[in-house]
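Asks: Okay, here's the structure, questions in a sec.
The values are calculated or read from the model by the stated rules, or taken from the named source; none is laboratory data. Remember, it's a predicted structure, so these values are computed and weren't measured experimentally. Cβ coordinates were reconstructed from backbone atoms using ideal geometry, including for glycine residues, and neighbour counts include every protein chain displayed. We work out accessible area using only protein heavy atoms, side chains counted, and drop any ligands, DNA or RNA first. Shrake-Rupley method; radii C 1.70, N 1.55, O 1.52, S 1.80 Å.
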Amino acid sequence: MATASHPGYERAGTTEIPVRRMDFEFDDSIPKYWFGGDPLRTMILTALSCTFPEGERMFMRSVRHYQNDLRDPALKKQVRAFIGQEAHHGKEHEAFNRMMANKGLPIRYLEKFTEAGLAREEKFFSPQRMLAKTCALEHFTAMFAETLLEHPELIDDIDERLKPLWLWHAVEESEHKSVAFDVFKEQVDSYWIRTSEMALTTLLFSLFSALHTRTLLKADPDAKQAARPLRENLKGLWKNRHILGKLGKHYLAYYRPDFHPSQKDSQQLREKGLLLLQKYVGDKVQLAA
Ligand SMILES: [Fe+2]
Ligand SMILES: [Fe+2]
């Protein structure tokens, strides 16, 4: 089990949620289509990355709002660790985003679009609703993260220099998946706010992920020529239909009144992910004793 006292780890972390410093360097020699030479898959993940730095800062703000009122001292510590992990995710994804911006993509435009959209929501929505939005988006990130850890073959085609970024983020999203939810449970605990916000967030998240991907593809003069034929993409989806089915079930579980993120025990998946990650980053991660 990783410990927060490891030299590469920060004090804000806990044993279960260690705050690891990665300091990745993303070389400009990484190809533009770093996901198997495929513009579509590359830009889907790049569009997501454009929303991460400000999205994760919003997560931190929504949880910080309740930080001083928390009654459970263990949860207080977990909140500090959650904030530490998300701060590092933002920093590393900013570095990744700069590398993609250097390739002439409108990354800054999408980052600013996300900043403005979230600022608007924070102005009009209550703190309860913003925390519910964080819980909803944390459910999405945990779903994607645990799918990646369960099926690491999904990222086989990613450039080796970028695999550790996605693996590390996946492991940590799984580690802290319950924190915002537990704050919501203790401080708000409203089934209506939680699930109605999930429905709204699902709509907006799907819409903006698709629009942002389209913006990146349209702005890229080489994307059309490098694109895979549609039937290749459909074949890929069909091949992974069982994974899509599991994702659907995982998503719907959120609407159960007794749902809690820890109902899906993913400890073994995280250990598998850390083992894989250690091959890339050495002792920046610690494994179970
Ligand atoms: Fe994150
Ligand atoms: Fe997160």
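Asks: Could you work out Rg/(2.2 N^0.38 Å) for the chain, with Rg from alpha carbons only?
Replies: Normalised by 2.2 N^0.38 Å, the Cα Rg of the chain equals 0.98.
Asks: Within a Cβ distance under 13 Å of Phe205, other residues only, what is the Lys/Arg minus Asp/Glu net charge?
Replies: It works out to a net charge of -2.
Asks: Please compute the per residue accessible area over the chain with all protein chains in place, 1.4 Å probe, rounded to a whole number of Å².
Replies: Per-residue value: 49 Å².
Asks: Principal axis lengths of the stretch 101-159 from Cα atoms, whole Å, largest first?
Replies: 42, 32, 8
Asks: Once the dipole of the chain is set up with Lys and Arg at +1 and Asp and Glu at -1 on Cβ about the Cα centre, which of Met43, Tyr280, Ala101 lies farthest towards its positive end?
Replies: Met43
Asks: Something else: Heavy atoms only, probe 1.4 Å: what % of the accessible area of the chain goes to carbon and sulfur, would you let me know?
Replies: 58
Asks: Within 10 Å, Cβ to Cβ, of Gly90, how many net charges do the neighbouring residues add up to if Lys/Arg are +1 and Asp/Glu are -1?
Replies: Here the charged neighbours net out to -3.
Asks: Determine the relative contact order of the chain: mean sequence separation of Cα pairs under 8 Å and six or more apart, normalised by residue count, in whole percent.
Replies: Reported as a whole number, the value is 27 percent.
Asks: Take the chain, connect every pair of alpha-carbon atoms lying under 10 Å apart with a spring to form a Gaussian network, then pick out the residue of Glu232, Glu160, Glu197 with the largest mean-square fluctuation.
Replies: Evaluated over the chain, the most mobile residue of the options is Glu232.
Asks: Still on this structure: Can you sort Ser196, Ser266, Ser206 by solvent-accessible area, 1.4 Å probe, largest first?
Replies: Result of the area sort, largest leading: Ser206, Ser196, Ser266.
Asks: Leaving ligands, DNA and RNA out of it, rank Arg194, Arg80, Arg98 by accessible area with a 1.4 Å probe, largest first.
Replies: Arg80, Arg98, Arg194
Asks: Magnitude of the Cβ-charge dipole of the chain, K/R +1 and D/E -1, about the Cα centre, nearest 20 debye?
Replies: 620
Asks: Could I have the simple spin-label model distance between Glu115 and Arg61, label points 7 Å from Cα toward Cβ, reported in nm to one decimal?
Replies: So the label points at Glu115 and Arg61 sit 1.2 nm apart.
Asks: Report, in listed order, any pair from Lys177/Lys272; Lys185/Lys264; Lys112/Lys133; Lys133/Lys279 with a Cα-Cα distance greater than 23 Å.
Replies: Too far apart for the 23 Å limit: Lys133/Lys279.
Asks: Could you pull out every residue, at least 5 positions away or on a different chain, whose amide H is within less than 5 Å of the one on Val19? Hs are placed 1.01 Å off N in the peptide plane, and Pro or chain starts have none.
Replies: Placed amide hydrogens put Glu10, Gly13, Thr14 under 5 Å from Val19.
Asks: Work the Kirkwood hydrodynamic radius out for the stretch 138-232: mean of 1/r over every pair of different alpha-carbon atoms, inverted, in Å.
Replies: Result for the stretch 138-232 stands at 16.3 Å.
Asks: Right, here's the next one. Quick check: with the 1.4 Å probe, what order do Arg241, Arg71 take by accessible area, largest first?
Replies: Sorted by accessible area, descending: Arg71, Arg241.
Asks: Then there's this: Under a GNM of the chain (C-alpha, springs under 10 Å), which listed residue has the highest mean-square fluctuation: Pro18, Pro257, Pro164?
Replies: Pro257
Asks: Now for a different question. Find the Cα radius of gyration of the stretch 233-284, compare it with 2.2 N^0.38 Å by division, and give the number to two decimals.
Replies: 1.58
Asks: Give me the log10 of I(q) over I(0) for the stretch 58-189 at q = 0.13, 0.20, 0.22 Å⁻¹, as the Debye formula computes it from C-alpha points; what are the numbers?
Replies: The Debye formula, applied to the Cα set alone, gives -0.63, -1.25, -1.36.
Asks: Related question: Roll a 1.4 Å probe over the protein heavy atoms and report the accessible area of His139 in Å², nearest 10.
Replies: Its accessible surface works out to 10 Å², give or take rounding.
Asks: Also, I was wondering about something else. So what's the back-of-envelope 222 nm ellipticity for the chain, counting only DSSP H runs of four-plus at -39500 (n - 2.57) apiece and dividing by all residues, rounded to 500?
Replies: The per-residue figure over the chain is -22500 deg cm²/dmol.
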